[in-house]
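The structure appears right after this line, and notes come after that.
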Amino acid sequence: MLKLLCTTAHPDDEVWAFGGSLLRYQEQGVETHVLCLTRGMAATNRGGAKSGEELSAMRTEEFYAACRLLKVTRPVILDYPDGGLANLNFSDAAGEITRHIREIKPDVILTLGLEGTVTAHVDHSMVGLFTTAAFHWARRTDRFREQLESGLQPHRARKLYYVTAAQTWPERQPVSLAPVTSRVDVRKYIEAKIEAFRVHTSQLALLEKYGDRSLRQAEELFHLAATAVPQAVAGETDLFAAVG
Ligand SMILES: [Zn+2]
């Protein structure tokens, strides 16, 4: 069975960045995984929560509820500090993601763009950077050897993609987006994607502020960042092309 892993920074990233692709590939029989690094306790929108702990608990529930709607086989949320991913020890964080890759053994990995995605969020950049290192290091026998000594095997994922966009958001910090190499048609899943975003009730102010235009896009756009087998790519429409 083919496997897809998406790595994210905050509860709700799984919806706007990957929601349509998660549904589409689940429907095609792919086992889907989401690994979210924080519980989103530093969000501007607090959903009435009185403390970081309360917001963290609320957003954890929202994450699992959204993943149920997106039919994610196995959602996992970690306890790294929201807004603080750039302050982590790089090797430790990349090592943790490497361990998950060696356990899950995904064929294709999707993550957030190194520029921080259209929102220019530094946590988004860091997830992309940690995951990029983990993609490359998971297959090696000389990285995180203690994981291999404890029984895990090196794992070679076939492809790494960054989510990208056709346009930047002028109201946010300037970013340089990765070029679009791959387009996934998600028209069929737009309503399901919006429904999954709506279970993030603490973040509904975002929908009021920005509208659901970005969730209504017919395609999710990606940049093919690395492949296990060297290849040229142009105009790809299937993230599992040449895999399996
Ligand atoms: Zn985010």
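Each of 144, 222 was scored by other Cβ atoms within 10 Å of its Cβ. Arranged with the fewest first, they read 144, 222. Near the amide H of residue 78, within less than 5 Å, lie the amide hydrogens of 36, 37, 38, all on another chain or at least 5 residues away, with H placed in the peptide plane. For residue 41, the residues whose modelled amide H falls within less than 5 Å of its own, excluding neighbours fewer than 5 places apart on the same chain, are 82. For the chain, the relative contact order works out to 24 percent when only alpha carbon pairs closer than 8 Å and six or more residues apart are counted. Across the range 179-186, computed HN-Hα scalar couplings (Karplus, 6.51 cos²θ - 1.76 cosθ + 1.60, θ = phi - 60°) run x, 6, 10, 9, 10, 10, 6, 10 Hz from first to last residue, x flagging Gly and Pro. Under a 5 Å amide H cut-off, with hydrogens placed 1.01 Å from N, residue 182 pairs with 222, 224 among residues at least 5 apart or on other chains.
The label point for residue 234 and the one for residue 169, both projected 7 Å from the Cα toward the Cβ, are 3.3 nm apart. Stretching the chain fully between residue 214 and residue 139 yields a gain of 23.5 nm (0.36 nm per residue, less the alpha carbon separation).
When DSSP beta bridges are restricted to pairs lying wholly in the chain, around 35% turn out antiparallel. Which residue fluctuates the most in the chain, going by a Gaussian network model with Cα springs under 10 Å, if the choices are 47, 116, 19? Highest fluctuation of the listed residues: 47.
Ranking 16, 137 by Cβ neighbours within 10 Å, fewest first, what do you get?
On the way: 16 24, 137 19.
Listing 16, 137 from fewest to most nearby Cβ atoms yields 137, 16.
Annotation: extensible slack from residue 149 through residue 204 equals 15.3 nm (criterion: 0.36 nm per residue apart, minus Cα-Cα distance).
Helix screen, the chain: DSSP H segments with Cα axial length of 15 Å or more and mean Kyte-Doolittle hydropathy at least -0.5 are 52-69, 90-104, 122-137.
Computed from the coordinates by the stated procedures, all read-outs in this text should not be read as laboratory data. Bear in mind that the values here come from a model prediction, so they are computed numbers and not experimental data. With ideal geometry, Cβ positions are generated from the backbone for all residues, glycine too; neighbour counts draw on all protein chains shown.
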